[in-house]
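Visitor: Sharing a structure, written as structure tokens. Questions coming.
Quick note: the coordinates plus some simple rules give every number you see, no bench work behind them. Keep in mind that what you see is a predicted model, and the values were worked out from it rather than measured. Heads up, the Cβs are rebuilt from the backbone with ideal geometry, glycines too, and the neighbour counts pull from every protein chain shown.
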Amino acid sequence: MKLIVGMGNPGAQYDGTRHNVGFSVIDALAERWQIDMTREKFHARFGDGEIRNERVVLLKPMTFMNRSGDAVLAAGRFYRLEKDDFLVAYDDWALPVGMVRIRPRGSAGSHNGLRSVIERVGFNDFARLRVGIGKPLGNPVNFVLTRFAGQELIDAKDAVATAADAAECWLEHGPMTVMNRFNRRVDDEQE
């Protein structure tokens, strides 16, 4: 059993914001694999099913970003998951819009949602799927709650689809293969 968590904030006012790209990745996977996401448990909305011959739980914490770790801990304990069974998808302003990166472990950096997960589960060596949202020009708190527009919207939708592809690859092959396939620089793709 694997757990794929998408980070975001609950509520219609946050739909489509930069901070909710993790939720968008979960929605894309649920749609592709026809996984019903209407159940509620673990302080989250979730669904389970099979993706690429692997039993998977898709999880969208409903605790708001800064308390996402509560839902991840509850689901992880319930399903008795190990460190290698977690993948967390979230927004990252250190990456340009449209870029996707996976890491097998690391710190939370400035991401409070990721910090909450690390604090609650008690370890930081789980896979994380970073989806670029662009660098804030002003206040980062206000920036992450804005919506994509114009070309950024197109690039963000492409990045969500790419992140869903990367999550599927992670299920089949693990983080190192995903890193080799998906962690490319933007100018690598233009050559």
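The rows are residues; the columns are (1) within 23 Å of Arg181 (Cβ to Cβ); (2) under 12 Å from the mean Cα position of the chain (by Cα).
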position	(1), (2)
Ser68	no, yes
Arg105	yes, no
Ala108	no, no
Lys135	no, no
Asn139	no, no
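Visitor: Would a scan of region 9-27 turn up a residue that is assigned to a strand (DSSP E or B) and either touching a residue at least 12 places away in the same chain (Cβ under 8 Å) or farther than 22 Å from Gly132 by Cα (or both)?
Guide: yes
Listed here are the residues, each with its yes/no results for (1) closer than 18 Å to Glu168 by Cα; (2) among the hydrophobic types (A, V, I, L, M, F, W, C).
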{"site": "Lys83", "(1), (2)": "yes, no"}
{"site": "Pro104", "(1), (2)": "yes, no"}
{"site": "Ala108", "(1), (2)": "no, yes"}
{"site": "Glu119", "(1), (2)": "no, no"}
{"site": "Leu129", "(1), (2)": "yes, yes"}
{"site": "Ile133", "(1), (2)": "no, yes"}
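Visitor: Let me ask something else about it. Within region 28-52, which residues are in contact (Cβ under 8 Å) with a residue 40 or more places away in the chain and part of a helix (DSSP H, G or I)?
Guide: Matches in region 28-52: Ala28, Leu29, Arg32.
Visitor: Could you tell me which of the residues Val117, Val100, Val131, Val141 is surrounded by 23 or more Cβ atoms within 10 Å (Cβ to Cβ), more than 19 Å from Asp27 (Cα to Cα) and among the β-branched types (Val, Ile, Thr)?
Guide: Val117
Visitor: Let me ask something additional. Could you tell me whether any residue of region 83-97 is surrounded by fewer than 21 Cβ atoms within 10 Å (Cβ to Cβ), out of contact with any Gly (no Cβ under 8 Å at 6 or more places or on another chain) and at positive phi?
Guide: Scanning region 83-97 turns up no residue that is surrounded by fewer than 21 Cβ atoms within 10 Å (Cβ to Cβ), out of contact with any Gly (no Cβ under 8 Å at 6 or more places or on another chain) and at positive phi.
Conditions (1) under 13 Å from the mean Cα position of the chain (by Cα); (2) under 17 Å from Met7 (Cα atoms); (3) not hydrophobic (A, V, I, L, M, F, W, C), marked per residue:
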| residue | (1), (2), (3) |
| --- | --- |
| Phe143 | no, yes, no |
| Ala149 | no, no, no |
| Ile154 | no, no, no |
| Asp158 | no, no, yes |
| Ala161 | yes, yes, no |
| Ala166 | yes, yes, no |
| Leu171 | no, no, no |
| Pro175 | no, no, yes |
| Arg181 | no, no, yes |
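Visitor: Ok, one more. Would you please name the residue that is nearest to Asp158 (Cα to Cα), looking only at residues in region 14-56 that are surrounded by 13 or more Cβ atoms within 10 Å (Cβ to Cβ) and among the hydroxyl-bearing types (Ser, Thr, Tyr)?
Guide: That would be Ser24.
Visitor: Let me ask another. If you go through region 103-114, how many residues are surrounded by fewer than 21 Cβ atoms within 10 Å (Cβ to Cβ) and touching a His at 6+ places or on another chain (Cβ under 9 Å)?
Guide: Looking only at that region, the number is 0.
Visitor: Suppose we filter region 53-96 for residues that are under 23 Å from Gln13 (Cβ atoms), hydroxyl-bearing (Ser, Thr, Tyr) and touching a residue at least 60 places away in the same chain (Cβ under 8 Å); how many remain?
Guide: Going through region 53-96 one residue at a time, the tally reaches 2.
The rows are residues; the columns are (1) closer than 23 Å to Val160 by Cβ; (2) charged (D, E, K, R).
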residue: Ala74; (1), (2): no, no
residue: Glu82; (1), (2): no, yes
residue: Asp91; (1), (2): yes, yes
residue: Pro96; (1), (2): yes, no
residue: Pro104; (1), (2): yes, no
residue: Val121; (1), (2): no, no
residue: Asn139; (1), (2): no, no
residue: Leu145; (1), (2): yes, no
